[in-house]
1. Ranked highest first by the average count of other Cβ atoms within 10 Å around their residues, in what order do 226-238, 133-145, 61-73 fall?
2. Which residue fluctuates the most in the chain, going by a Gaussian network model with Cα springs under 10 Å, if the choices are 252, 122, 217?
3. Can you pull the percent of Cα pairs in the chain with separation above 25 Å?
4. Roughly what % antiparallel, to the nearest 5, for the DSSP beta bridges in the stretch 90-184?
5. Give me Rg over Rh for the stretch 1-142, both radii from the alpha carbons and Rh done the Kirkwood way, two decimal places.
6. Looking only at the chain, where both bridge partners belong to it, what percent of the DSSP beta bridges are antiparallel (to the nearest 5)?
7. At 20 °C and a viscosity of 1.002 mPa s, what translational diffusion coefficient does Stokes-Einstein give for the stretch 90-184, taking Rh as the Kirkwood radius over Cα pairs? Give it in µm²/s as a whole number.
8. Normalised by the number of residues in the chain, what is the relative contact order in percent for Cα pairs under 8 Å and 6+ residues apart?
């Protein structure tokens, strides 16, 4: 499955905006990019359930990085190729947050389902519809591997205060101002991207990446060309090689067109 280029693309805030609409012009540009010997790999904090319809529309030609870098998933084979689940000790931390931070919504992602512990305005109005999961009034007994925890709060300061619960063994990153992603230490989009390149034997000459969140920054920094929407936070925009329009303005159309025109390894 060797390729001339590979493009790692975030979904929320990059491909789609707050309305979750994927524009047809972006879809066609993504397909044209893949015809140019390029491989497209979705690279998102979303789950399998929240990503499948996007992968189907784009006709992705490489496995996807899901759960903020804890999983590599092949939508063609419909199976996990690589995963790094959280240590079971995460549940004790979740119990503490549940007790001490009543304003924070907790989502627990496993291979089989999504457990939503409490709810708030932000998750009801800005959360991915396919990932709202089953609402539990208290923390359930979970036997499956836990791939990711998401914390959601109406105010970002409430999430920043939660960072102190995760010391050693965990990666705590913001995917947006109101969403924090917790995965196993040693996971992340940039780490999973390297694993995907090795596993799928992509051997690209050029690596593109597009993203808008703090959890995209390492991957953007390590790519040959980084595309960042103008709506991203300042610290993310600062590492962009190309600033693109917002999802509402079809910014990724231009990014895919630029990648499709690439003919040489950058100096």
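1. Listed from highest to lowest mean packing, they are 61-73, 226-238, 133-145.
2. Residue with maximal mean-square fluctuation among 252, 122, 217: 122.
3. For the chain, the fraction of Cα-Cα distances above 25 Å is 40 percent.
4. That works out to approximately 85 percent antiparallel.
5. Value, to two decimals: 1.02.
6. Approximately 55 percent, going by the DSSP bridge assignments.
7. The calculation lands on 162 µm²/s.
8. 24 percent
Here, each number is a calculation from the coordinates, and none is a lab measurement. Just so you know, these numbers come straight off a predicted model, no measurement behind them. Note: ideal-geometry Cβ built from the backbone for every residue, glycine included; neighbour counts use all protein chains shown.
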